[in-house]
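So the structure is just underneath, and the comments pick up after that.
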Amino acid sequence: MSKSYFPDDRAGQIAWYRNFAAAFPEIGVKLGFTEGEIANAINDCRYAVYILEALGPELESSTNHPAQDVLEGQSSGEFVDLPAGSKAPPAVRPGIDTRRQARVERIKRHPNYNQEIRQQLKIAVPPLDERSYKAELGRPRQTGPTVTIPFRKAGGEVSGINLYRQGKGEKSPRNVGFFMRTPAIDTDPGKPGEITYTARAVKDGEEIGQSSDPVSLTLS
């Protein structure tokens, strides 16, 4: 089970985004967010709900579905052209998950943050056990010459991850680098063939806990 406040399952994620969109406008003002920042957060939540409801089954069966870029891609990316039904909210740029994590970390740093807000926004996490915590990686995806791998940060309790890559036939994994924001981006994954990624959580500049479960893909 994830150590994050954010659910693993699609139904749970839909419920989380709906709750945040409803609760954040009033709370965001208390935490120093501008009207524009609050509006952006709500737009992210509403578009995430739309994607998860309308395209959820397709997302679960395809790691390279364009909607994955909107949810888990790089936040600097361009708008993605997705099927827009009559009930579709305004589209947002890729990187909803990146912005969600950064937004919650900012909330937790504010002096007005308290137990009531934690419960209202559903961002409570269990205490971090630095010895037993296992880093959490999502499914890797190849986009052109790069590979992106979403990851979690124990609800903001760790600084990020060190990502490791091992190609088929290699004796040991190589350190790709440290990543503070999801997704991790491997810009030089190597030649075509199967590769496997693992990660270790990093806190205060040091690796903690256990290596993640391995995730693999075949480079084309």
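The values are calculated or read from the model by the stated rules, or taken from the named source; none is laboratory data. Not measured: the values here are computed from a predicted model. Counting neighbours? That spans all protein chains shown, and the Cβs are built from the backbone with ideal geometry, glycine included.
List of remarks:
- Hey, GLY138 surrounded by 13 or more Cβ atoms within 10 Å (Cβ to Cβ) and under 19 Å from the mean Cα position of the chain (by Cα) or not: yes
- Qualifying position, being over 22 Å from GLU60 (Cβ atoms) and surrounded by 17 or more Cβ atoms within 10 Å (Cβ to Cβ), among TYR197, TYR113: TYR113
- Looking only at region 189-203, and only at residues there that are small (Gly, Ala, Ser) and either modelled with pLDDT of 95 or more or not in a loop (DSSP other than H, G, I, E, B) (or both), the one that is farthest from GLY169 (Cα to Cα): ALA201
- Scanning region 204-219 for residues that are within 30 Å of PRO192 (Cβ to Cβ) and in a loop (DSSP other than H, G, I, E, B) yields a count of 4.
- Region 93-110, subset farther than 22 Å from ALA184 by Cβ and in contact (Cβ under 8 Å) with a residue 60 or more places away in the chain, residue surrounded by the most Cβ atoms within 10 Å (Cβ to Cβ): ILE107
Conditions (1) touching a residue at least 12 places away in the same chain (Cβ under 8 Å); (2) under 30 Å from ARG118 (Cβ atoms); (3) of a type in the set (Val, Ile, Thr), marked per residue:
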{"residue": "GLY156", "(1), (2), (3)": "yes, yes, no"}
{"residue": "SER159", "(1), (2), (3)": "yes, yes, no"}
{"residue": "LEU163", "(1), (2), (3)": "yes, yes, no"}
{"residue": "PRO183", "(1), (2), (3)": "yes, yes, no"}
{"residue": "THR187", "(1), (2), (3)": "yes, no, yes"}
{"residue": "GLU194", "(1), (2), (3)": "yes, no, no"}
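This table checks each residue for (1) outside any helix (DSSP H, G or I); (2) under 22 Å from VAL147 (Cβ atoms).
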{"site": "TYR5", "(1), (2)": "yes, no"}
{"site": "ALA11", "(1), (2)": "no, no"}
{"site": "TYR17", "(1), (2)": "no, no"}
{"site": "GLU26", "(1), (2)": "no, no"}
{"site": "ILE42", "(1), (2)": "no, no"}
{"site": "PRO57", "(1), (2)": "no, no"}
{"site": "SER75", "(1), (2)": "yes, yes"}
{"site": "ARG93", "(1), (2)": "yes, yes"}
{"site": "GLN101", "(1), (2)": "no, yes"}
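- Subset tally (residues that are over 15 Å from PRO25 (Cβ atoms) and of a type in the set (A, V, I, L, M)) for region 102-120: 2
- The condition of being modelled with pLDDT under 90, closer than 26 Å to LEU137 by Cα and surrounded by fewer than 13 Cβ atoms within 10 Å (Cβ to Cβ) holds for only one of PRO90, PRO66, PRO57, PRO83, that being PRO57.
- Single residue of region 1-40 satisfying the filter (of a type in the set (Lys, Arg) and touching a residue at least 60 places away in the same chain (Cβ under 8 Å)) that is surrounded by the fewest Cβ atoms within 10 Å (Cβ to Cβ): LYS30
- Residue within region 159-168 that is touching a helix residue (DSSP H, G or I) at 6+ places or on another chain (Cβ under 7 Å) and either modelled with pLDDT under 95 or not acidic (Asp, Glu) (or both) present: no
- The set of residues from region 149-179 being of a type in the set (A, V, I, L, M, F, W, C) and in a strand (DSSP E or B) comprises ILE149, PHE151, ILE161, LEU163, VAL176, PHE178, PHE179.
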